[in-house]
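Written out below as structure tokens is the structure these notes cover.
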Amino acid sequence: MVKGAEKITLAFPIEVDGTETDTLYLRRPKVRDLKLMDSFSGDVEKSIQLLAALCEIPPTSVEDMDTADFERCSKKVEGFMQSAGKTSGTSSRG
């Protein structure tokens, strides 16, 4: 688990590396994660790859998620992206 990651409790457990779990830890995205996501085509595939990277689980585990859990996790990722936009300041040099 990455320091500062947000704990997500799934309504429907999934299998990760041969172990059933109902808990994921979602870290904030980095630019390298966005770059990775950009290398895939299709919105759903991009979301699967990004969520797998942020939770540090295989993409196949994300694919096995219930759609309600996938939607909830995706909303958390969107929240990270929106909060990054709100907190990043612009610097003016003059």
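Taken together, the values in this text are just the output of simple stated rules run on the coordinates, not laboratory data. It should be emphasised that the depicted structure is a prediction, and the values quoted were computed from it without experimental measurement. Glycine gets a Cβ as well: all are built from the backbone with ideal geometry, and neighbour counts include every protein chain shown.
Per DSSP H run of n ≥ 4, the term is -39500 (n - 2.57); total these for the chain, divide by its residue number, and report the mean residue ellipticity at 222 nm rounded to 500 deg cm²/dmol. Don't skip to the end; give the middle numbers.
Details: 4 runs with 47 residues, N = 94.
Taken over the chain, the calculation gives -15500 deg cm²/dmol.
Just want the answer: with Cβ charges of +1 for Lys and Arg and -1 for Asp and Glu, which residue in L50, A11, G79 is farthest toward the dipole's positive end in the chain?
Towards the positive end, the residue furthest out is G79.
Once the piece of chain linking L36 and E71 is laid out straight, how much longer is it, given 0.36 nm per residue of separation minus the C-alpha distance between them? Display every interim value, and only then the final one.
Numbers: separation 35, 0.36 × 35 = 12.60 nm, distance 2.02 nm.
Between L36 and E71, full extension yields an extra 10.6 nm.
Assign one of three labels to the chain, namely rounded, prolate or oblate, based on the Cα gyration tensor with a ≥ b ≥ c the square roots of its eigenvalues; rounded applies when a/c is under 1.5, prolate when it is not and a/b is larger than b/c, and oblate otherwise.
Values: a/c = 2.28, a/b = 1.80, b/c = 1.27.
Verdict is prolate for the chain.
How large is the dipole of the chain about the Cα centre if only Lys and Arg carry +1 and Asp and Glu carry -1, each at its Cβ, rounded to the nearest 20 debye? Display every interim value, and only then the final one.
On the way: 13 positive and 16 negative charges, 198 e Å.
So the magnitude is around 960 debye.
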